[in-house]
1. Counting other beta carbons within 10 Å of each Cβ, put 90, 141 in order, fewest first.
2. Cα-based Rg of region 100-153 per 2.2 N^0.38 Å, rounded to two decimals?
3. So if I place +1 on the C-beta of Lys and Arg and -1 on the C-beta of Asp and Glu, and nothing else carries charge, what would the dipole magnitude of the chain be about its Cα centre? I want it in debye, nearest 20.
4. Write out the trypsin sites (Lys or Arg not before Pro) in region 48-134 meeting two conditions: DSSP loop, and at most 15 other Cβ atoms within 10 Å of their Cβ.
5. For a 25 Å ceiling on Cα separation, which of these pairs sit above it: 51/119; 142/174; 32/156; 35/209; 47/94?
6. With 10 angstrom as the radius, rank 220, 177 by how many other C-beta atoms surround their C-beta, starting from the fewest.
7. Please order 84, 59 by the number of other Cβ within 10 Å, starting at the fewest.
8. Using the Cα centre of the chain as origin and beta-carbon charges of +1 (Lys, Arg) and -1 (Asp, Glu), tell me which of 134, 45, 62 is placed farthest towards the positive end of the dipole.
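Throughout, read-outs are computed from the coordinates displayed, never taken from laboratory work. Predicted model, so just to flag it, every value in this text is computed and none were measured. For neighbour counting, all protein chains shown are included, and Cβ atoms are generated from backbone atoms with ideal geometry for every residue, glycine included.
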Amino acid sequence: MMLRVLGCFFALSAGLLWAQAPKDGPAAKGAKWEKEIAAMEKRMAEKPPEKGGILFAGSSSIRLWDLAKAFPEWKPINAGFGGSVIEESTLFAKRIITKHEPKTIVFYAGDNDIAGGRKPEQLLADFQAFVKIVHADLPKTKIHFIAVKPSIARWKMFETQKKANDLIREYCSKDERLGYIDVVPLMLGDDGKPKEEFFVKDGLHMTPKGYEVWNQAVRRALKQ
């Protein structure tokens, strides 16, 4: 009888702890990407990337980038996934980024973060956390942050994006291991708004013309 009571007590306690666990904590956020991350790990295990290379990480703007075509001589590693936010790249950094020991990381995320309600100061803190976990394993690796891009779909968020970009630009300027790639002015037309030719129908993701602008900006940054 006593064992049955104890069993019920522990079951109830576990249930209460589960119910109280944050549904939006890092583990919860990471769970939805587990299948995609596992597939990426499998792909990279079958054809291991060269160490000391250039790795691109971040959200769908990275994942959809035809890096092999854009930078064939670099043999770039694409570690972008889904519609992820900075915090999620940090969560999986050791599994899909630092284990490959890249000399250079080109990082794009923050777009989805702001759309999800993150403030500029929070975006900066999230990027600082990403830098910290990468440099803990790879202290000499250069990390280039591509500015949060202006887009047709999220034009109303442009001022918030600018504030976040300014904070991250300042942060990057204080560490020679960090770089800031400003694509914002390159994506705006004479009217000061995003060029339609750079975006597909959803007004968010980019066309080959949009990526060509990024290709040139990244090349310039990595040659400096």
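1. Details: 90 23, 141 19.
Ordered from fewest to most neighbouring Cβ atoms within 10 Å, 90, 141 come out as 141, 90.
2. Values: Rg = 12.6 Å, N = 54, 2.2 N^0.38 = 10.0 Å.
So the Cα radius of gyration is 1.26 times the expected 2.2 N^0.38 Å.
3. Dipole magnitude for the chain comes out near 440 debye.
4. Numbers: sites: 51, 63, 69, 94, 95, 99, 103, 118, 132; in loops: 51, 103, 118.
Within region 48-134, the qualifying trypsin sites (Lys or Arg not before Pro) (loop, at most 15 other Cβ atoms within 10 Å) are 51, 103.
5. On the way: 51/119 35 Å; 142/174 13 Å; 32/156 28 Å; 35/209 31 Å; 47/94 18 Å.
In this structure, 51/119; 32/156; 35/209 lie more than 25 Å apart at Cα.
6. Details: 220 10, 177 14.
Lowest to highest Cβ neighbour count: 220, 177.
7. Neighbour counts put them in this order, fewest first: 59, 84.
8. Toward the positive end, the furthest listed residue is 45.
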